[in-house]
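Okay, here's the structure, questions in a sec.
Every number here is computed from the coordinates shown, using simple stated rules; none is lab data. The shown structure was predicted, so the numbers you read here are calculated from the model rather than taken from an experiment. Quick reminder, even Gly has a Cβ in these numbers, built from the backbone with ideal geometry, and neighbours come from all protein chains shown.
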Amino acid sequence: MAPGTLEEDVGKRRTFGIISHPDAGKTTLTEKLLLYGGAIQLAGTVKARKSARHATSDWMEVEKQRGISVTSSVMQFDYAGHTINLLDTPGHQDFSEDTYRVLTAVDAAVMVLDAAKGVEAQTIKLLEVCRLRATPIITFINKMDREVREPLSLVEEIESVLSIDCAPVTWPIGMGKSFRGVFDLRRDRLVRFTPGEEHRSEDGEIIEGLDNPRLTTLFPLEISALRNDVELLRAASAPFDLAAFLAGRQSPVFFGSGINNFGVQEILTALIEWAPPPQPRDGGTRMVAPTEKPFTGFVFKIQANMDPRHRDRIAFFRVCSGRYTPGMKVAHQRLGREMKLGNVLTFMANERVQSEDAVAGDIIGIHNHGQLQIGDTLTEGEALGFKGIPYFAPEMFRVARPRDPFKAKQLQKGLQELGEEGAIQVFESVVGNQLLLGAVGQLQFEVVAARLASEYKVDALYDDAGIATARWLTYPDEKVRRDFERDRAASLANDVDGNPVYLAPNRFNLQVAMERWPKVGFHATREHGQRMAHA
Ligand code: G4P
């Protein structure tokens, strides 16, 4: 789309991610969204990328094996006069801290649930991350063409497990073999589903009015249940409330079947009509409005080793204000120096191209050789530091040691740098000075081992660390700190920035420690660059 004024362009942006548990249908929905957006022509493109695990360039081996592809990390496409940025939230074995961080760069999320399974573990975790920024959530209950759970029980489960109000926007009639379609509660009409046919739901037959006798003729077995449900919903559930949605308190709920293209259009429409354009962001010293002229933004993800010979990496950068123009000079806040933005990419749905123009909400990929870390802020001069890109308490821990004991220094250096970059979290135990690695997904350990070998020439061995979880610590005063450190020395470590951390062998131990030391602050997240020693 040709650029308009900054206000116009920002207003057209919608930047979102999909949160789901593996196998709920994220890949399928992504593909259908791209198909509707005209960004890909053929169903199966994204799917093929997911399953074929093919490699077309020099990316490091582990990434090749996993089929992680930078082109699919961010997918930009135009739809109905808007520019949509869909940020991939890696799941399955690719689940890592990146998955969490991606959610710090979106303005809305689509939550996909498998209607047979309801709310699953990974969805709970990802929703917690969305909640840190009160991100608006659109819910898509998928796979209605299968034998699934009762819709009312699904909605109740979302409300109770995820503590978010639900506003059903569509409601299913039947399920599995007798799935007949969805009733649009706001427009008072039924969109008919024809099983086995891949068609767009807007092409499906529309039957106006719940009382329409045609419904009784067509669906004699299912219609009374639908009429009862709708009556109940209209009496008992809150109608969709845009302000509550934007505040992250209420989620509009849609039912459908991604694989049958059914309900996909409604999700796109909801994104455009209801999801917010880029919002002001906390720049540390002040809120930064997306329509401010000076260019600002932050790095939320680093993709390393696109080409191992050059140690080059791509920093995924969310623009927060202003306009990117090729070759512009920016101020790198953490390093306190100027940086020229030369080789910058825009990620289209199926290719990456040189970026010509980007505004708030867009994601650009900045080539660099290690100057950029997760959480870094770039501006046109003003001293800002965007907040809300935290480290998350790891859930898996390993002790790292070099296979060759003489390479301990290289290992330490490598881990320090990879820890600073955000590839993994590195802790040093207070007692015994052991190097501990913390991650939220197994892949992170594999990536780090591969990078230590290729970039630092050290073969790292991992041992189980016997640790279940970590919390960053803050103390009200020196006395509490000294007493706590004396009591809990064996469980203490420092992170890569020197912040004190409590490492618990199990959840019970953590709970006991928190109860015994009510004045000590135990934190599950930490902001990048934040020093935490004192509350
Ligand atoms: P994910 O990215 O969340 O892991 O899920 P993905 O889209 O890969 O979907 C997981 C499985 O669920 C796939 O089946 C997919 O075809 C199926 N699926 C997705 N949406 C629907 C739907 O609306 N209805 C039904 N019945 N199935 C759906 P698979 O057997 O694992 O893969 P494939 O053999 O179909 O490729």
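Return the FRET efficiency for the residue pair Val431, Gln371: r is the Cβ-Cβ distance, R0 is 25 Å, and the value is rounded to the nearest 0.05.
In this case the efficiency is close to 0.10.
Using the alpha-carbon atoms, what tilt in degrees (0 to 90, nearest 10) does helix 121-132 show relative to the longest principal axis of the chain?
80
Among His82, Val359, Ala393, which residue has its Cα positioned farthest towards the positive end of the charge dipole of the chain, with +1 placed on the Cβ of Lys and Arg, -1 on the Cβ of Asp and Glu, and the dipole taken about the Cα centre?
Going by the charge dipole, the pick is Ala393.
Of all beta bridges DSSP finds with both residues in the chain, what is the antiparallel percent, to the nearest 5?
So the antiparallel bridges amount to about 75 percent of the total.
Also, I was wondering about something else. How many times 2.2 N^0.38 Å is the alpha carbon radius of gyration of the range 156-308?
For the range 156-308, the normalised Cα radius of gyration is 1.38.
Let me ask something additional. Run the quick spin-label model on Ile272 and Asp312: label points 7 Å from Cα toward the beta carbon, then report their separation in nm to one decimal.
For Ile272 paired with Asp312, the spin-label model returns 3.6 nm.
Which net charge results for the neighbourhood of Phe179, defined as the other residues with beta-carbon distances under 11 angstrom from its beta-carbon, given Lys and Arg at +1 and Asp and Glu at -1?
Here the count lands on +2.
Then there is this: About its Cα centre, how strong a charge dipole does the range 275-376 have in debye, to the nearest 20, once Lys and Arg get +1 and Asp and Glu get -1 at the Cβ?
The calculation lands at about 300 debye.
For the range 390-535, build the charge dipole from Cβ charges (+1 Lys, Arg; -1 Asp, Glu) around the Cα centre, then report which of Trp472, Gly419, Gln442 sits farthest towards its positive end.
Trp472
Calculate, in nm to one decimal, what Ser160 and Glu356 gain on full extension: separation in residues at 0.36 nm each, minus their alpha carbon distance.
Taking 0.36 nm per residue and subtracting the Cα distance, the gain is 66.0 nm.
Taking the Cα centre of the chain as origin and charging only Cβ (+1 Lys, Arg; -1 Asp, Glu), how large is the dipole, in debye to the nearest 20?
About 1180 debye.
Right, here's the next one. Would you mind checking which residues have amide H under 5 Å from Tyr391's amide H? H placed 1.01 Å from N; only 5 or more apart, or other chain.
HN-HN under 5 Å from Tyr391: Arg526, Glu527, His528.
If you put +1 on each Lys and Arg Cβ and -1 on each Asp and Glu Cβ, how big is the dipole of the range 401-509 around its Cα centre, in Debye rounded to 20?
Dipole magnitude for the range 401-509 comes out near 220 debye.
Leu221 versus Arg486, label points 7 Å from Cα toward the beta carbon: distance in nm?
About 7.5 nm separates the two model spin labels.
Give the residue from Leu271, Gly258, Ala247 lying farthest towards the positive end of the charge dipole for the range 236-308; charges sit on Cβ (+1 for Lys and Arg, -1 for Asp and Glu) and the dipole is referred to the Cα centre.
The residue sitting most towards the positive pole is Ala247.
Provide Rg over Rh for the chain; use the alpha carbon set for both Rg and the Kirkwood Rh (inverse mean inverse pair distance).
Rounded to two decimals, Rg over Rh is 0.99.
Sticking with this one: Calculate I(q)/I(0) for the range 231-292 by the Debye formula, one identical point scatterer on each C-alpha and no solvent, and give its log10 at q = 0.17, 0.22, 0.29 Å⁻¹ to two decimals.
At q = 0.17, 0.22, 0.29 Å⁻¹ the computed log10 ratios are -0.79, -1.01, -1.18.
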